[in-house]
Amino acid sequence: MKLAFKIVNLSLLIFLFSCDKKQNVKNNSVEIASHPNLILTAKGVENIKKNIGTIPLFDHSLTLTKSEVDKQISKGISIPIPKDMAGGYSHTQHKINYVTMQKAGVLFQLLDNEKYALYIKEMLMGYANLFPTLSRHPETRSYARGKLFWQCLNDANWLVYTSQAYDSIYNWLTKEERDFLETNLFRPYADFLSVETPQFFNRIHNHSTWGCVAVGMIGLVMNDEELIQRALYGVKNDGISSEAIDDDGGTIKSKGNKSGFLANLDSPFSPDGYYTEGPYYHRYALYPFLIFAQALQNKKPELKIFEYKNGVLLKSVSAILNLTDEDGEFFPLNDGQKGMSYHNQSLISAVDIAYFFGKQDQGLLSVAKEQNQVQLDETGMAVALAVKEGKAKPFQKESIELSDGANGDEGAIGIVRAQQNDQKLTLVMKYSAHGLSHGHFDKLSFSLYENGEEVIQDYGLARFVNVEQKNGGGYLKENKTWAKQTIAHNTIVVDESSQFKGKYKASSKHHAEKYLFDVKNEKVQVVSAKENNAYEGAQLHRTMLMVSDTTLTTPFVIDITKVTSEAEHTYDLPLYYFGQIIDSNLDVTSFSEIKPLGKKHGYQHLWKEASGNSDKELTQLTWLHNQRFYTLSSISTNKDEFIFGRIGANDPNFNLRRDPVFIQRKTNESDALFVNILESHGKYDTVSESSIQAKSNIKSVKVIYDKTDYTALSLTFNNEKNCIVIIANQDSSEHKKHELTIQNKHYNWTGAYYFNN
């Protein structure tokens, strides 16, 4: 039998269901005329009702919502005693309750059916009787335990959604009912999330965003100016120690710093709209950011919230859409679960709000068409109407650099896109700030996509969200011991140690430095950055070029990583690929007894399956993935070791994926240069069992010059075509004139690089 809290006061029940609702509205018309006024408005509801049945996309969304809510109502009311972590029964049921209440409120307003209002009222009365009896959640893992949920974050989710439900039936309730709910549930809940839990509320973090919005939303419904101000500016004199650490490993705001909703707009967002925690948590925080902004615009238009920080909220919608692959899935930068996409409900709301309150960008309409749902309010109606009228245009994902940091001066994310024939290649390079507590130690890392499929992967996070069997749906310990560590990413590792020795505070003080982002020439696009603080005494400089050559069927990538140091080190450059190895020119030794590659900093989670050395100047590895052939061509010496590894060592609970890795290792070197060419070529047809162009196009790659100021390469293809690449390592000005003589040949050019093909 399900544990559930029941309303047992019979006299209260009789009172609740015997009120004359129409008389209540009449008698309180002056007081309640302004409701609903958060997301739905009285004027908006009137306009929507006139168009129901005539706008296909909106009608489709309405039908889906009605079906979902009716199904839940048929199951009856269930309000479990809080017990479980994420994925457990009580957690899941409370989540279902708040989502269903919010949707039921919309249906009540749009369809005038009182069964939806009755459902919300009965649910709210149950919570109003339960809440005063609750202590903090019995699960003690969180730095800020909730009441209905194991962490305050989820309690804030509950209040954000439930505030909208309350607003929808506010006029329908009697004054006595509203007083009861506000006295026993809503005001105490707002105080609990804020003044009683300042370590949760007064932060710069997605957690705090949800908390501030929860308090602000219910404050707007109740016309409680104290709560609204608290939401906007935080709790004053909170007394939080600057040494406090949260359960994500991030430091909590020190006493005296800015906090509140506006501070969370100021700091995590760059002027370009990039959210420093990464796209996965940007997606998660975007709903409260935008839904509260919409409510503020409706109730407090004088704040001009959509103009705040030069319109950063609306810019952020464009930014996050650009942080997706061809299938609309977010790049898993920092802590990010793969497969999350703009089909998520948060992005459905975001697209509609951005279109309505922005410049009616018709590219957003094409995204809305793919989402095939809209928000059931004025914003969604506007989008659905524009789609019906055929105004949608493709959302153009182009090569773009998104700066990081509140002022846009803390590195960036560089996204380089190229298309040749039907092949679309996307390169994502990360040279940003750490990313708050969800950041990884992976400066100068990259990932590569072809036609929406991962070719070279970023691992993402180690977590099974809302899967109770896996640590209650929370983060696994391997997220810290593996996923955050430098070796888990496609970037240089020095002496088998993570950047900044894996210390969050140290990494948060620094950011990588943009060197060059030049995508004006679609044939050669360049992204380059430096990192001088991650390893003491070692300077890292990575330059990546996306080259589109008409003599080849697909664009290819040139990767140049230059390390400078006075001391000798061991340098590892891992590459996390997918698929089956087809060919290699390495002399490989496979181990019958495999051992972990190291003892710490993530190395303990890598099996060393095989290794080899090459007596050739160019080491090549070819693999097959998704019926496409890929080749990595690496300049090498006979001292370089190439390691074939696999994730999964020291993982008794099988929390990690068993993905392969290929590592180039240079030992006992001070300065080091890694040069790699990544190419997609040919395909394999499983039906006809035929392969086309299964071999690399690259014949040779040579370093013809490498000093402090310049690095130069010569590439020769199998068709005997040759190209020269020269990178200016110290001056990235596009106006700087350069001259250089290499092997008796004189080169002169303007700008940070020379490319001749």
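Every number here is computed from the coordinates shown, using simple stated rules; none is lab data. Fair warning: this is a prediction, and the values are worked out from it, not measured in the lab. Neighbour counts run over all protein chains shown; Cβ positions are idealised from the backbone, glycine included.
Numbers below:
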item: Above-threshold pairs, the threshold being 18 Å between Cα atoms, out of 338/484; 258/309; 443/503; 66/369; 43/115; result: 66/369; 43/115
item: Shape metrics for the range 637-757, restricted to C-alpha atoms - Rg then Dmax, Å; result: 20.1, 60
item: Descending semi-axes in Å of the range 400-691, equivalent ellipsoid built from Cα gyration tensor; result: 27, 24, 21
item: Volume in Å³ per residue [convex hull over Cα atoms, computed for the chain]; result: 178 Å³
item: Stretch gain in nm, segment residue 741-residue 223, where the contour uses 0.36 nm per residue and the Cα spacing is subtracted; result: 179.1 nm
item: On Cα atoms only, tilt of 152-169 relative to the major axis of the chain in degrees; result: 50 degrees
item: Whether the range 700-757 is rounded, prolate or oblate, judged on the alpha carbon gyration tensor where a/c under 1.5 counts as rounded; result: prolate
item: FRET efficiency estimate (nearest 0.05) - Cβ-Cβ, residue 345 to residue 310, R0 22 angstrom; result: 0.20
item: Modelled FRET efficiency - R0 56 Å, residue 691 with residue 599, Cβ distances, 0.05 increments; result: 0.85
item: Distance between modelled label sites at residue 359 and residue 700, nm, 7 Å Cα→Cβ extension; result: 5.2 nm
item: Packing rank of 381-387, 710-716, where each peptide gets the mean count of other beta carbons within 10 Å, highest leading; result: 381-387, 710-716
item: Helix 345-357 vs. the chain, principal-axis angle (Cα, 0 to 90°, nearest 10); result: 80 degrees
item: Neighbour-count order for 262, 656, 193, 64, fewest beta carbons within 10 angstrom listed first; result: 64, 262, 656, 193
item: Segment residue 716-residue 506, extension gain: residue separation times 0.36 nm, minus the distance between their alpha carbons; result: 71.3 nm
item: Net lengthening on full extension, residue 671/residue 453 (0.36 nm per residue, minus Cα-Cα); result: 75.0 nm
item: Acute angle (nearest 10 degrees) that the helix 378-388 long axis makes with the longest principal axis of the chain, alpha-carbon atoms; result: 60 degrees
item: For the chain: relative contact order, % (alpha-carbon pairs under 8 angstrom, 6 or more apart); result: 8 percent
item: Over the range 700-757, relative contact order from alpha-carbon pairs under 8 Å, at least 6 apart, %; result: 29 percent
item: Exposure proxy order (Cβ contacts within 10 Å, fewest to most) of 398, 453; result: 398, 453
item: Most to least packed among 639-651, 482-494, 115-127 [average Cβ atoms within 10 Å]; result: 482-494, 115-127, 639-651
item: Value in Å of the Kirkwood radius, where the range 66-166 supplies the Cα pairs that are averaged; result: 13.9 Å
item: Gyration tensor (alpha-carbon) shape descriptor, the range 613-698, a/c threshold 1.5; result: oblate
item: Calculated Rg and Dmax of the range 301-397 using C-alpha coordinates, Å; result: 13.4, 40
item: Equivalent ellipsoid semi-axes - Cα gyration tensor, the range 407-518, angstrom; result: 25, 21, 13
item: Local electrostatic count at residue 341 - Lys and Arg +1, Asp and Glu -1, tallied over other residues with Cβ under 15 Å; result: -3
item: For residue 534, net neighbour charge (Lys/Arg +1, Asp/Glu -1) across residues whose Cβ lies under 15 Å away; result: +2
item: Packing-based exposure ordering (other Cβ within 10 Å, fewest first) of 636, 548, 590; result: 590, 548, 636
item: Using a Förster distance of 35 Å, the FRET efficiency for residue 111-residue 300 (Cβ separation, nearest 0.05); result: 0.75
item: Relative contact order computed over the range 400-691 (Cα-Cα under 8 Å; 6+ residues apart), in percent; result: 16 percent
item: Cα point-scatterer Debye curve for the range 465-570, base-10 log of I(q)/I(0) at q = 0.12, 0.15 Å⁻¹; result: -0.61, -0.81
item: Amide hydrogen neighbours beyond the local backbone of residue 424, cut-off 5 Å, H modeled; result: 451
item: Mean shadow area of the range 246-380 over all directions, Cα convex hull, nm²; result: 8.9 nm²
